[in-house]
1. From A:159, A:125, A:77, A:164, which residue is under 28 Å from the mean Cα position of the chain (by Cα), more than 14 Å from every other protein chain (Cβ to nearest Cβ) and more than 29 Å from residue A:341 (Cα to Cα)?
2. Exactly one of (1) away from chain A (no Cβ under 11 Å); (2) surrounded by fewer than 24 Cβ atoms within 10 Å (Cβ to Cβ); (3) over 25 Å from residue B:180 (Cβ atoms) is unmet by residue B:91. Its number?
3. Restricting attention to the stretch B:75-92, report how many residues are free of Cβ contacts under 8 Å to residues at least 40 places away in the same chain and in contact with a strand residue (DSSP E or B) (Cβ under 9 Å, 6 or more places away or on another chain).
4. Please state which of the following conditions residue A:160 fails to meet, knowing it meets all the rest: (1) surrounded by fewer than 20 Cβ atoms within 10 Å (Cβ to Cβ); (2) modelled with pLDDT under 90.
5. Suppose the filter is at pLDDT below 90, assigned by TED's automatic domain parsing to the domain that holds residue A:390, more than 21 Å from residue A:596 (Cα to Cα) and assigned to a helix (DSSP H, G or I); does residue A:425 pass it?
6. Would you confirm, using the coordinates I've provided, whether residue A:60 is part of a helix (DSSP H, G or I) and assigned by TED's automatic domain parsing to the domain that holds residue A:203?
7. In this structure, is residue B:51 surrounded by 21 or more Cβ atoms within 10 Å (Cβ to Cβ), modelled with pLDDT of 90 or more and at the interface with chain A (Cβ under 9 Å from one of its Cβ atoms)?
8. Is it true that residue B:59 is surrounded by fewer than 24 Cβ atoms within 10 Å (Cβ to Cβ), within 19 Å of residue B:184 (Cα to Cα), at the interface with chain A (Cβ under 9 Å from one of its Cβ atoms) and more than 12 Å from the chain's Cα centre (by Cα)?
């Protein structure tokens, strides 16, 4: 059996006639007839445009609440950041020096260099990780690989997505800083004009480096096991942590002095290396913001606009260089690396009863057996899904790091400002723990009932009543969240050295938050299930998930304010000039008790009502 | 039209396809049968350029899938076992995108799309977003997209899964007609009845080895009367030769 030569099949045209008159297509399937590189790019851009247009239209039709919420929060966040940085730069002008003064320049340079250098690193990692999942773990990349599309075009298509997704946060952070600085420094018009091109060309460089690293790593090390990568990262963290600690740590007594300032600049000098793209961006921005006074003796190249454009040219040329390098790497490595990755060894995990399971079983010994079994099932599902607990770990880990450092500005003086600050920060920390917990209950607990819909052929036929299933979710969420949350809040309180009474109030509030948030997520999950969707993130992003998040945030605010305000006044009573007149000290204890009781009542309502409604809905739920 | 020449591919230590030699001509419908893990999907993925042979070569229309990927894939239409469609595009928009990517102009795409919409009875839902499609509707749309550019080779992985009897009939008739018109179809399936009905040749794989390659009549000659259903022959062959193949592989 001969397969024939290539020319037999491709010259000069293929005429296929299939089922009668319906098949009368006659088009040349030669290589020359396939789209050119530009045409391919146009078609993929059109695909992106259509997809984005439909997605946006659907957002405004199907998820109006979420869209409005996200947009409003983003605007709120942007304005908040802008005001914060505006005040910060004004502080520098007032206390350090006006633009042009040496200390002003040093301080602003230090801030910009440090900020952009950190983002440099983050962009490399985030674009590499996003590109990895876009190229090697997405069905549309697989579909494209089966079509006659150039591999480099597929990589560029996915790379553009990676640039967008990894840098939108950067724009959200950088734009208020840049604009605030421009206003405070009285920057000329071209500063604002050059902002966007400078930032875009900068972003492209670390993102391209991330893309090239991603392609190289998958190409060269397809058999690399995740555990090896995680181990290497852990070693890296262990090696870098002491360096970071030494860099940020300094004796409290010297804080904000001249020596401390110079020492800090010296320790962070690595962020000001001339070869770093972040340095080019910083210099470009600062040059554009410089108040240039031109004299006849000045060279034209000394003008701020010219200097800034030169830095822009440097960024653009490097961005283009890395673009070419990305295309080269894609052409050379993508198909081969995809094939190697698809054929990597997948080790099947042998599951044995682990110590974690035994500990969990021991902890649940007081619960009825069906409840125990359901809780252990959910515990195993959580434990074996790193996507879930790793996010939990990262966010709570970062919070823990922040709490550990929260006493950096500890003031030995027993003044009213310090006490106010301590109390406010301790309650804000409690609110932050609650808000992060609410995002987790929305993302992971709320979709649980919807996801059980796919397994209801097991649960639905078990000889247990449906209430047990819902109760198991509630206990799982509330107990699971209570332990890390209460530990974090305790850590914050210990570091801030708050009085014992506040610690007790915080722990009580923490319990109320955990119970209430768990109940809201479980109750709404049962009332508004989505059995069509299999992805928990998409379930959480729907109307029910958004409503859950909004109600959770409101609940946190109410409970924290109810416990925080009386506690605040109680602690400050008699210590400030206004303490006695503001609230009569003899009633402060009463206010404190009333506030706590009100918080308990709100907590009880938030726990009982959604759970009861959820139970009622779940009893009659049809798993269609 | 399709050539596997001494093709092997392993996943680490595990040999998924072992020294596969196979040639399929235009006008043939080749059904590749085998248990789960026999190596069928690996063979198909090599055929459409998704993975590369560890040894040997795969050619379509004379073009090597590794060194001349674009030329080779331009001759292929591929229907995967799990149909993927862009969920924020309509069926018609997807057909348009695929057709243009294969170098068809607007007019050609429109004509071809109308032809496939009629053939696969997509008219009722083709302008809706594909996220609302059932599995069967998706599968039919994928078939339409795969056939839009009139490929010389159609590669189909488990075509009957999730299809209702009416759609199954539609797909079987379609494949028969295309083969009669000169198309080369390479199909992997567990549906032995469908293979028996439409395949001009069958291959039986087990543990990466091709145990049998030929027509069903040739296969029947090897078995006594009374054991000549494809199911009985398939089971007999895979259970005896499969054990030997496994032993060899070990």
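1. After ruling out the rest, the residue left standing is A:77.
2. Unmet for residue B:91, out of (1) away from chain A (no Cβ under 11 Å); (2) surrounded by fewer than 24 Cβ atoms within 10 Å (Cβ to Cβ); (3) over 25 Å from residue B:180 (Cβ atoms): (2).
3. Here the count works out to 1.
4. Residue A:160 satisfies all of (1) surrounded by fewer than 20 Cβ atoms within 10 Å (Cβ to Cβ); (2) modelled with pLDDT under 90 except (2).
5. Spelling it out, it is not the case that residue A:425 is at pLDDT below 90, assigned by TED's automatic domain parsing to the domain that holds residue A:390, more than 21 Å from residue A:596 (Cα to Cα) and assigned to a helix (DSSP H, G or I).
6. Taking the combined requirement at face value, the residue does not satisfy it.
7. Spelling it out, it is not the case that residue B:51 is surrounded by 21 or more Cβ atoms within 10 Å (Cβ to Cβ), modelled with pLDDT of 90 or more and at the interface with chain A (Cβ under 9 Å from one of its Cβ atoms).
8. yes
The values are calculated or read from the model by the stated rules, or taken from the named source; none is laboratory data. Bear in mind the structure is a predicted one, so any value in this text is a computation, not a measurement. All Cβ positions, even for glycine, are placed from backbone atoms using ideal geometry, and neighbour counts span all protein chains on display.
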